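Below is one structure, written out as structure tokens; the observations come after it.
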Amino acid sequence: MVSVLVLIGAILMSFTIAYLSYGKYLSQFVELDEAAETPAHKYEDGQEYVPAKKPVLLGHHYSSIAGGAPIVGPITAAFVWGWVPAVLWVAIGNPLLGAVHDFTALSSSIRHEGKSIGYIIGQYVGERGKDMLLWFAFLLIILVVGVFGLVIGLVFHTYPAAATAGMIYIGLALLFGVWLYQLQLSFIAGTVIFVAAVFAAVFAGIEFPIVLVGEAPEGGVALMSSAGFIPEIVVESDENLAGENIGAWMIVTLVYAAIASVLPVWLLLQPRDYLSSYLLYAGVGGTLLAVIVGSLVTGMDVPASELPEGTEVPDFQITQDAFYGFFASGSPFADSLPLMPLFPLLFITIACGTISGFHSLVSSGTTAKQLDRETDARLIGYGGMLGEGLLAAVALAAVTVIAIPAASGGIGLALPNFALGGGAILTALGLPFATAEVFMALVLSAFLLTSTDTACRLGRYMIEEVVGTPETSVQEFAANRYANTTVIVVAAFVLVASGKWADLWTLFGGANQLLAAMALLTVTVWIANWDDTKQLATTGVPMLLMSVITIAGLLWVSLYQVLGGRLLGVTEGAAQSTDIIGQISAVFQVAIALTLVFLAVSLLWMGYGNIREIGRIGEEPAATDGGEIQHDDD
């Protein structure tokens, strides 16, 4: 058997070499200037444009991009195709595709007033291209908010102790924001006090777990025994992931995200993400350290009585097969899966951890408005994405040491494996298994909470950019921050209330990766217009690769799995939807997927036309100063 240390070692080596070499090259390529005035300083307003210290902004950025996807995706892929393809895609694709995507999206935004990628593409291909990309991104935002809100509901339903700890940590973040920005007290003292309190919240959660609807957990409380007005969400066929409690937690999460997204960034977003970064660094870094120490020195200490029935006591050996075949014929789920070719489905199943279009929205939406110095972009943009790759490595380590197949797939795999496996690994550092398990569940929920409300905020930015200056009552409604935020969370809830996780995940994954291709297209067009002496392969090759992969993946999922399976019932291994809600959902999913493909192909053609026009008629580039444009104070 292979030690999990081999898996972790391969990814760590790949990322270290990439950051020291390719990350440095990219910084020189886009000509980062430490003395240049960033949008955070130039347009500081105390609301959106707020310069942040590098560790604070790294915490926000990392927490925002590292949601549940780099956990769920790698675990699912490992069960379908084996752990080797998943490791290779993360170890190679992350530094060459994903980190390049995040870094260049951030760099392009700070040269364009901290505006979004939609605004940037519009500067070069016109308003039509801008609006198409913004609507593409807005649709993805709804998917992100819905999917992540569902996962948070599942985490809090499965681990009531993590729910208590999560609510405490949100309250602490609000207090820390007041401590820093209103009372203007010591940053270092506040860090010590509030970070310690965040970790103490884990023990408070263990002592006082909370359930919103249902039976009270041992030692805890249930706020309601039943609530008929809350929809009972059932995730696929998993009876353990069903009930009003999931729906209740999802509603609470979406309400929280809506409120958090309209608050000033100093009050909650910056302090919360800074505090949670310590929790997340401890989870990721602690697990990586535990793999090394445990494999070489201490081993694991997991009581058999605290594991699910039938689960073997784990060690640091990989329990799964390396490869289940190109069509997943050797997978534990082969009998229940439709035809699942490794290409292109592996690459959209691991929706994050390697490359994610959602990151371009964070980089060009909130992070660029808070960047203190241009040179901070290397650590925050390139290094932040490598950090998410390490989270994917932790997820893979967890799934390979405790392999617990679950018939429902997706979340059914991710929850028990990430918390149980991660908790088992942390026992190598002396932590009790029960405490470590809850801690890893809190780590997962902390990632998800930050990503969810950041997505709401970004969705608001998208709509406001599309509307511009409101001229009609409809436009005034759309531009209202409270109205458009409400639309986002309501649409997100309706989208995922059916609990059809498998369909939602593949749709989210394909749309997410296709947006990454569009962000790389935007950066390539910017570079081409900025300096006609710069090569375009650095961003152009990843853009073409991801365009081919994601368009093929969306077509496969929409036409083969959804249309052929859920609607027509002719696809082997895919259950046909017989209820009206399931059929309507399937029609919408096919329509959304095909619409996204159409928008992407149209944008690719526009971008190609812009670059071709520059070279063909020899016009001056649209911007010769790095893409910076004049700001209209009116």
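The values are calculated or read from the model by the stated rules, or taken from the named source; none is laboratory data. Because the structure is predicted, anything quoted here is derived from the model rather than measured. Please note: Cβ atoms are built from the backbone with ideal geometry, for glycine as well, and neighbour counts cover all protein chains shown. We work out accessible area using only protein heavy atoms, side chains counted, and drop any ligands, DNA or RNA first. Shrake-Rupley method; radii C 1.70, N 1.55, O 1.52, S 1.80 Å.
Taking all protein chains together and rolling a 1.4 Å probe, Tyr274 ends up with roughly 10 Å² accessible. Surface listing: Met606, Met224 arranged by accessible area from highest to lowest gives Met224, Met606, probe 1.4 Å.
These residues, Thr472, Thr506, go from largest to smallest accessible area, 1.4 Å probe, as Thr472, Thr506. Placing +1 on each Lys and Arg Cβ and -1 on each Asp and Glu Cβ, with no other charges, gives the chain a dipole about its Cα centre of roughly 500 debye. The residues of segment 20-136 expose, per residue, 29 Å² of accessible area to a 1.4 Å probe. What you get for segment 434-550, charging only the Cβ of Lys and Arg (+1) and of Asp and Glu (-1), is a dipole of about 200 debye around the Cα centre. Of the GluC sites (Glu not before Pro) found in segment 457-545, the ones in coil according to DSSP and having at most 13 other Cβ atoms within 10 Å of their Cβ are Glu471. Rolled with a 1.4 Å probe across the full set of protein chains, the surface gives Asp532 an accessible area near 120 Å². Ordered from highest to lowest accessible area with the whole protein assembly present and a 1.4 Å probe, Leu554, Leu379 read as Leu379, Leu554. Pairs spanning more than 20 Å between alpha-carbon atoms, out of Lys130/Lys534; Lys42/Lys369; Lys115/Lys369; Lys24/Lys130: Lys130/Lys534; Lys24/Lys130.
Along the positive direction of the dipole of segment 1-145 (beta-carbon charges: Lys, Arg +1; Asp, Glu -1; about the Cα centre), which of Ser109, Tyr25, Val90 reaches farthest? Working it through, the farthest residue towards the positive pole turns out to be Val90. The helix-only estimate of mean residue ellipticity at 222 nm for the chain, built from DSSP H runs of length n ≥ 4 each weighted as -39500 (n - 2.57), is -20500 deg cm²/dmol after division by the residue total.
The angle separating the long axis of helix 244-262 from the principal Cα axis of greatest extent in the chain is about 30 degrees.
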